[in-house]
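Enquirer: The structure under discussion is supplied below as structure tokens; questions concerning it will follow.
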Amino acid sequence: MFIKPTVIEFNKIGNPSLGYISVAEVQDNIAFEIKRVYWTYYTPDHVQRGGHAHKNLQQVLVAVSGIIELTLKDTKGIEYFYKLDKPSMGLFIPENYWRTLKFSHNAVLVCLASEIYKEEDYIRDFSKFIK
Ligand code: TYD
């Protein structure tokens, strides 16, 4: 099956006077076993990050603070654009999507990942990715 990127709307438990909790939970709204969690922060707003794809890794990204603009490209060169601008929103990224990311100065990205870190899983050369 060809799996596509999918926006996840997390539940918001709470109300404006108390604040909210959103939950990412395996077998509920996360389709893989989470083996790794990482987060990025203090990214200057003129920097573009990413510039790679993954052979096997699946991820869910959440901008828990700030705004993250994300472009995905599939192996046919078709582009998908996402703006993660609320902490109740996640983006599931399957394997084999080229990604570039831009961050607002206050953005904090949390990534739930299906695999432990392996540099061999990265495709960092776009011409190899398109092949
Ligand atoms: P990378 O995934 O290329 O960052 P980005 O896509 O945000 O630009 O990772 C940047 C560096 O951090 C790279 O040297 C690998 C290292 N790194 C780890 O050691 N472990 C990890 O879990 C991650 C995500 C990155």
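The values are calculated or read from the model by the stated rules, or taken from the named source; none is laboratory data. What you see is a predicted model; the values in this text were computed from it and never measured. Ideal geometry is used to build each Cβ from the backbone, glycine not excepted, and the neighbour counts take in all protein chains shown. Just so you know, the surface numbers come from the protein's heavy atoms only, side chains and all, with ligands and any DNA or RNA stripped out. Shrake-Rupley method; radii C 1.70, N 1.55, O 1.52, S 1.80 Å.
Enquirer: Near the amide H of residue 36, under 5 Å away, which other amide H atoms are found, from residues 5 or more places off or on another chain, if H is placed in the peptide plane?
Expert: Here the answer is 113, 115, since their amide H atoms fall under 5 Å of that of residue 36.
Enquirer: Another question about this same structure. Can you grab the distance from the C-alpha centre of the stretch 103-131 to the C-alpha centre of the stretch 32-50, Å, no decimals?
Expert: A separation of 8 Å, based on Cα centres.
Enquirer: In this model, which of 83/131; 102/128; 55/131; 12/102 are farther than 20 Å apart at the alpha-carbon? Could you put the intermediate results ahead of the total?
Expert: On the way: 83/131 28 Å; 102/128 23 Å; 55/131 13 Å; 12/102 26 Å.
Beyond 20 Å: 83/131; 102/128; 12/102.
Enquirer: I'd like the carbon and sulfur percentage of the solvent accessible area for the stretch 10-131, probe radius 1.4 Å, heavy atoms only, ligands and nucleic acids excluded. Please list the in-between numbers first.
Expert: Values: 3760 of 7230 Å².
Percent of accessible area from carbon and sulfur atoms in the stretch 10-131: 52.
Enquirer: Order the peptides 105-112, 93-100, 36-43, 13-20 from the highest to the lowest mean number of other Cβ atoms within 10 Å of their residues.
Expert: Order by mean packing, descending: 93-100, 105-112, 36-43, 13-20.
Enquirer: Any chance you could run the full-extension gain for residue 100 through residue 24? It's 0.36 nm times the residue separation minus the Cα-Cα distance, nm to one decimal.
Expert: Additional length available on full extension: 25.0 nm.
Enquirer: Counting other Cβ atoms within 10 Å, which trypsin sites (Lys or Arg not before Pro) in the stretch 46-81 have at most 15 and lie in a DSSP loop?
Expert: 55, 76
Enquirer: Report, in cubic angstrom per residue, the convex hull volume of the C-alpha atoms of the chain. Write out the running numbers ahead of the final one.
Expert: Details: hull volume 15.1 nm³, N = 131.
Enclosed volume per residue, from the Cα hull, is 115 Å³.
Enquirer: Continuing with this model, one more query. What nm value, rounded to one decimal, do you get for the distance between residue 65 and residue 85 when each label is placed 7 Å out toward the C-beta?
Expert: Inter-label distance under the simple model: 2.0 nm.
Enquirer: Starting from the Cα-Cα distance between residue 12 and residue 119, subtract it from 0.36 nm times their residue separation and give me the gain in nm to one decimal.
Expert: Values: separation 107, 0.36 × 107 = 38.52 nm, distance 3.51 nm.
Full extension from residue 12 to residue 119 adds 35.0 nm.
Enquirer: For the chain, with every protein chain kept in place, what is the accessible area per residue (1.4 Å probe, Å²)? Spell out each step's value before the answer.
Expert: On the way: 8030 Å² over 131 residues.
Computed with neighbouring chains in place, this is 61 Å² per residue.
Enquirer: Rounded to the nearest 0.05, what FRET efficiency do residue 127 and residue 56 have when you use their Cβ-Cβ distance and R0 = 22 Å?
Expert: Values: r = 20 Å, r/R0 = 0.92.
Step by step, r from the Cβ atoms, then E = 0.60.
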